[in-house]
Every structure is written in structure tokens, then in C-alpha cells.
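Everything on this sheet refers to the single structure shown next.
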Amino acid sequence: MIIKDVEVLFVAMNPESPLGSSEKDQSPYWIVIALARDKAEKTRLTEAGLNMLAVVPDEDDPEDRDVKVNDGKMFWKCGISRKEINQQGKTQKCPPVVDLSLNPVSPDTVGRGSICNVMVYLYENEKKPGKNVAVLMKLQVVRHVVQEPMVNEEFEESTKTTEIVNAATMEEDKIEY
């Protein structure tokens, strides 16, 4: 199923760096977070089979990044993901990201506010009857809000050596920060 004209809040679809860990129950995954700024869009995405979650930003909390998403107003979001290792234990490839001409697009450049067509595979969640699981299959960028990919910063090598201190003999008041 293709869900057209979906505004995205977040895209993490770099084939080289899926999110998550490789612990037994947590397979690394790729994800797109769909965004609905109003009830009409929330209804459209819900009718398409997505499980939209309401987010109420806290303007009094300076750490609440959600305040910036919709000018401090309530919005809805839904994560659409694909695990690197499926339920049958098979390794899956990262879903492709393409433009309207089907040319590859770097997923690291697809920023908040981009509009995308999202191809999903939907099935009913066995653990939560009445709710769907949306598996991310492909992403087509319709309106590309380009974000600069983050450059990985590295530590510089130092000529100093690391100080090693025994915590059992160290006194709290002698620690200098």
C-alpha cells in the first residue's frame, strides 16, 4: 500500500547505520516518523492504517523539543519502521529512498517537513488487536526539505595521558571539574 503526501518529522534510513541495538529482542531498524499537524491529516493517516499517537508539547519545559514541531500546538506522529532482521530471522535490506523520477536520494538529507509517498506493508498487530503494524518498504520524496547530514566529530589525540584514580580511595570533595 502506498500512502501519499505524508509529511515526515524524522527519517533514519541510512543503510550503513540502522537505529537500535543487536540485543536478542531489539533488531536494528530503519524508520520514518509520519507527522500530522491537524485532525484532518490525522484522520487521513489513521484511515490509511497508521496508528497515530498524540503529542502535546510542554511549552514550560525548555528541554521539550516537540514545542518546535507545530508551533507549540498538539500534533500526531507514527513511526513506520523496518527491522534489519525479520521475525523469521532473515536479514533485510534498508528500504530505498527515491525521488519522483525514481533516482536514489541520500536518506541523510531528507529533513523535517519533507513530503513523501510511503510504501508500507500493513498487518494486524497480534499483541494489540485492532491496531496495525506498518512495515516500511520504500520512501519516495515528493518535496525535499534538504538537511545537511551531521558530520561525525572525533576527539583529537593528546600528548597527555589519561589519569587513573581508584574510586574507593578518592574523596568526593577533592574532585575538580
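Brief remarks follow.
- For the range 70-103, residues that are touching a Lys or Arg at 6+ places or on another chain (Cβ under 8 Å), more than 18 Å from Met119 (Cβ to Cβ) and not in a strand (DSSP E or B) total 2.
- Any hit, the range 145-154, residues being on the phi > 0 side of the Ramachandran plot, surrounded by 13 or more Cβ atoms within 10 Å (Cβ to Cβ), of a type outside the set (Val, Ile, Thr) and touching a residue at least 12 places away in the same chain (Cβ under 8 Å): no
- Check on Asp58, exposed (fewer than 14 other Cβ atoms within 10 Å of the Cβ) and out of contact with any His (no Cβ under 9 Å at 6 or more places or on another chain): yes
- Scope the range 114-158; condition of a type in the set (S, T, N, Q) and at pLDDT below 80; matching residues: Asn152, Ser158
- Single unsatisfied condition, Asp99 versus (1) within 17 Å of Lys138 (Cα to Cα); (2) without any contact (Cβ under 8 Å) to a residue 24 or more places away in the chain; (3) not hydrophobic (A, V, I, L, M, F, W, C): (2)
- For the range 22-55, a tally of residues being surrounded by 11 or more Cβ atoms within 10 Å (Cβ to Cβ), of a type in the set (S, T, N, Q) and within 30 Å of Lys93 (Cα to Cα) returns 4.
The values are calculated or read from the model by the stated rules, or taken from the named source; none is laboratory data. These numbers come from a predicted model, not from an experiment. With ideal geometry, Cβ positions are generated from the backbone for all residues, glycine too; neighbour counts draw on all protein chains shown.
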